[in-house]
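One structure is given here, and the rest of the page talks about it.
The values are calculated or read from the model by the stated rules, or taken from the named source; none is laboratory data. Fair warning: this is a prediction, and the values are worked out from it, not measured in the lab. Glycine also receives a Cβ, built like all others from the backbone with ideal geometry; neighbour counts cover every protein chain displayed.
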Amino acid sequence: MASRKDQKEALRAERERKAQEAAAAERRKRTIGFGVAGVLVAAAIIAIAVVILSGGGDDGGGDSGGENRAAEPDSGDFVKASIPKAQATNLDQAAAAAKCTVKTFSAEGRNHVSGHVDYKTNPPTSGNHFEIPSEDGAYFESPPMEHLVHALEHGRVILWFQPDAPAQLKGQMKALFDEDDFHMLLTPNTRKMPSEVAASAWTRSITCDKVNDKTWDALRLFRDRYRDQGPEQVP
């Protein structure tokens, strides 16, 4: 019959054996987990590479890339500037005082297209456009016109300036945009706009050949009258 000392020794040995088995099982679990994680990471890297190779270098055509990919707003290059505070309350009177011209045009179409569109007005006020609209915001470099026109269809008002305008004027346009940027875009006009600054909404525009202190009220009142007046209202 085993002594009490032998029983204790046997129990101790059994505890050690079970502890060693548990530790080995934990090591196996960790090894399997690391292997699965490695597979998942590798799969993610492969997926990213496929996306880059298949779409990243596409320069045109199709809704997934190239010219149909909407640009994102970037207002980091605008200098700080100030403009006169609002005074006028009537758009027609303010436009006349600023020597700006307000016009209404017939709609040129609303279809989604994938290529270049020649718009009849400058700045554009309507027409066929890319499927993806430009996001609200201030752009120091212009998105494609076809994205911007889609934003007009959604009721946005776009403020336009010449790409080679003085930095001070660009800063003033940004100051106007910052006063009330709800459903607004600010961008250079890359299609040789004849006026120094302008604003457009769906089938409407105000063009100002030369900027003066009265210009800002005219642009403000145009914004307030024609914002959210597009045929397709999108929040």
Quick check on my filter: what residues within segment 81-108 are loosely packed, with under 12 Cβ neighbours inside 10 Å and either basic (K, R) or touching a Ser or Thr at 6+ places or on another chain (Cβ under 8 Å) (or both)? K85, T104, S106
Restricting attention to segment 216-232, does a residue exist that is modelled with pLDDT under 95, outside the structural domain of E72 (by TED's automatic domain parsing) and closer than 24 Å to K120 by Cβ? yes
Where a residue in segment 132-146 is touching a residue at least 60 places away in the same chain (Cβ under 8 Å) and farther than 23 Å from Q172 by Cβ and its partner, wherever it lies, is assigned to a loop (DSSP other than H, G, I, E, B) and among the aliphatic types (A, V, I, L, M), with Cβ under 9 Å and at least six apart: I132/A70; P133/A70; P133/V234; P144/A70; P144/A71; E146/V113; E146/V117
Every residue from segment 119-144 that is buried (at least 18 other Cβ atoms within 10 Å of the Cβ) and not in a loop (DSSP other than H, G, I, E, B): H129, A138, Y139
Any idea which of A86, A42 is of a type in the set (G, A, S), on the phi < 0 side of the Ramachandran plot and modelled with pLDDT under 50? A42
Look through segment 192-235, keep the residues that are under 13 Å from I158 (Cβ atoms) and basic (K, R), and return whichever of them is farthest from the chain's Cα centre (by Cα). R204
First in segment 93-122 and within 16 Å of P144 (Cα to Cα), second anywhere and aliphatic (A, V, I, L, M) and in a loop (DSSP other than H, G, I, E, B), Cβ under 6 Å, 6 or more apart: N122/M193
Mind listing whichever residues of segment 174-192 are of a type in the set (D, E) and assigned to a helix (DSSP H, G or I)? D178, E179
From the option list K120, K103, K99, single residue qualifying as touching a Cys at 6+ places or on another chain (Cβ under 8 Å), modelled with pLDDT of 95 or more, under 20 Å from A198 (Cα atoms) and not aliphatic (A, V, I, L, M) is K99
